[in-house]
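**Q** Let me begin by handing over the structure; questions about it come next.
The values are calculated or read from the model by the stated rules, or taken from the named source; none is laboratory data. All of these numbers come straight from a predicted model, not from anything done at the bench. Virtual Cβ from ideal backbone geometry, glycine too; neighbours counted across all protein chains shown.
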Amino acid sequence: MQKRYRHIKLREQICIDKIYSFHYNELNKDYIYKGEQHHFWEFLYLDKGELEVTTGDNTFHLRQGEIVFYSPNEFHTLRCNRKTASNIFIIAFDCKSEAMRFFTGKALRLGNGDREMLTMLIEEGNKLFVLPVASPYVWNKPTKPKHPLTRKEKPEFGSEQLIKIYLEALLIRLIRSNQNRETKPKLSSITKEKGDRELAARIGDYLEAHLLEHPTLDRLCAEFAASKTHLRTVFREYTGCGITEYIGRLRIERAKQHIREDSCNVTEIAEKLGYSSIHYFSRQFKKATGMAPSEYLKTMKARM
C-alpha cells in the first residue's frame, strides 16, 4: 500500500501568464506621448532623466529610479521635460490577481534589490526575444511604433519561466516593501519638497563633476550649506542610495569609460579614481560588473 504524505499546496498571490510588450527605450528631451489605454497592466520604470506621467486623475513627476503603474483600461500619457533625454523600461502584462490592486494609482521608488531584479528581468528578455529589448533605440516618432514580441528560434532553456518568475518576484517585493510602511503626514510644503529634489540632483551633478577630486561628506556639507544628517537623508530619499554607494557607482562607471576609451591602463585608472590599490580596484570592479577589468576590455573589443 502506497504511503500517503501530508503536503501543502502552494498559493500564487501574483500570477502572470501573458506579456504584451517588453521595451527599453530612449526618448529625446522634447518627446510627448499623447496617450493610450488597454485592457492589461503596464509599468514604466525611469532609468534616466525626468518625466511627467498622467494616469487617470493622477499626475506623477518621475525621477531616475522610480516606477509608475497603469491599471487596465486606465488612460495614460507622458512627456519629457524639454531639458533631459530620458531612458525608460516598459513591460505590459496580463494579471488577474487581486493583489494587483495595490499598484492602482501608484508611483514607487525602487530599492537596490528591486533594481537588481529588474536588471535580471531585462537580461533574461534579451535571451528570449528577437528584438534587442535591452538595447536602447530612439523613440521620437509622433505615434508609438509597433514592436510585436517574437521568440528567438532557439531561446535559452527556461528563459520564459525565468521572466515570469522575475516579474512576479519584483511585484511581490514592491508590495512587501511598501504596504507595511507607516503613512507619515506630509510635514513639508510643495516648495520644500521641490527644494529637496533639486538639492539631491545638484549633489549628484557635483559628485559626477568633481569625482576625480574625491569629495568628502564635509566638503559636500560646506558646498551646499547643509548638515550631514540633512544631506544624507535628502540624497537617499531621492536617489535610493547613500552618498558613498553613489560615489562607488560613479567610480565604476568612470572606470568602464576609461577602459572602453583605452585612455589609461588599469593601474592608472585605479590611481586616478582614488582606489587604495589595483587589487582593491579589481575586486570592486568585478563585484559591480561580474568580470575583471581585463575581461571587460576583451568583451568590449569583441563587440567592435
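**Q** So, of the residues in the stretch 20-58 that are over 19 Å from the mean Cα position of the chain (by Cα) and acidic (Asp, Glu), which turns out to be nearest to residue 93 (Cα to Cα)?
**A** Within the stretch 20-58, the match that is nearest to residue 93 (Cα to Cα) is 36.
**Q** What number of residues within the stretch 253-267 are assigned to a helix (DSSP H, G or I) and either surrounded by 17 or more Cβ atoms within 10 Å (Cβ to Cβ) or more than 27 Å from the chain's Cα centre (by Cα) (or both)? Please lay out each step first, then the result.
**A** Step one: filter the stretch 253-267 for residues assigned to a helix (DSSP H, G or I), giving 253-261, 266-267.
Within this subset, residues satisfying the condition of being either surrounded by 17 or more Cβ atoms within 10 Å (Cβ to Cβ) or more than 27 Å from the chain's Cα centre (by Cα) (or both) are 255-256, 258-259, 266-267.
The qualifying residues number 6.
**Q** Any idea which of 86, 97 is crowded, with 20+ Cβ neighbours inside 10 Å, small (Gly, Ala, Ser) and either under 28 Å from residue 126 (Cβ atoms) or in contact with a Pro (Cβ under 8 Å, 6 or more places away or on another chain) (or both)? Before you say what the answer is, go through the steps one by one.
**A** Details: 97 fails: crowded, with 20+ Cβ neighbours inside 10 Å.
The conditions single out 86.
**Q** Additional query: Being among the hydrophobic types (A, V, I, L, M, F, W, C) and modelled with pLDDT of 90 or more narrows it down to one residue among 187, 131, 174, 149; which is it?
**A** Values: 187 fails: modelled with pLDDT of 90 or more; 131 fails: modelled with pLDDT of 90 or more; 149 fails: modelled with pLDDT of 90 or more.
Just one listed residue meets the conditions, 174.
**Q** Which of the residues that make up the stretch 92-110 are touching a Leu at 6+ places or on another chain (Cβ under 9 Å) and under 16 Å from residue 237 (Cβ atoms)?
**A** Those that are touching a Leu at 6+ places or on another chain (Cβ under 9 Å) and under 16 Å from residue 237 (Cβ atoms): 107, 108, 110.
**Q** Here's a follow-up. Please indicate, with yes or no, whether at least one residue in the stretch 59-72 is assigned by TED's automatic domain parsing to the domain that holds residue 170 and over 21 Å from the mean Cα position of the chain (by Cα). If you could, list the steps in order and put the result at the bottom.
**A** Residues of the stretch 59-72 assigned by TED's automatic domain parsing to the domain that holds residue 170: 59-72.
Of the ones still in play, those that are also over 21 Å from the mean Cα position of the chain (by Cα) are 72.
Yes; the residues of the stretch 59-72 include at least one that is assigned by TED's automatic domain parsing to the domain that holds residue 170 and over 21 Å from the mean Cα position of the chain (by Cα).
**Q** Another one. Taking the stated definitions as given, is residue 270 in contact with a Phe, Trp or Tyr (Cβ under 6 Å, 6 or more places away or on another chain), surrounded by 13 or more Cβ atoms within 10 Å (Cβ to Cβ) and farther than 24 Å from residue 50 by Cβ?
**A** Details: in contact with a Phe, Trp or Tyr (Cβ under 6 Å, 6 or more places away or on another chain): yes; surrounded by 13 or more Cβ atoms within 10 Å (Cβ to Cβ): yes; farther than 24 Å from residue 50 by Cβ: yes.
For residue 270, the condition - in contact with a Phe, Trp or Tyr (Cβ under 6 Å, 6 or more places away or on another chain), surrounded by 13 or more Cβ atoms within 10 Å (Cβ to Cβ) and farther than 24 Å from residue 50 by Cβ - is met.
**Q** Scan the stretch 22-29 and tell me whether some residue there is assigned by TED's automatic domain parsing to the domain that holds residue 101, surrounded by 12 or more Cβ atoms within 10 Å (Cβ to Cβ) and at pLDDT 90 or above.
**A** Taking the stretch 22-29 first, the residues assigned by TED's automatic domain parsing to the domain that holds residue 101 are 22-29.
From the residues that got through so far, the ones that are surrounded by 12 or more Cβ atoms within 10 Å (Cβ to Cβ) too are 22-29.
Pick out the ones that are also at pLDDT 90 or above and you get 22.
Checking the stretch 22-29: at least one residue is assigned by TED's automatic domain parsing to the domain that holds residue 101, surrounded by 12 or more Cβ atoms within 10 Å (Cβ to Cβ) and at pLDDT 90 or above.
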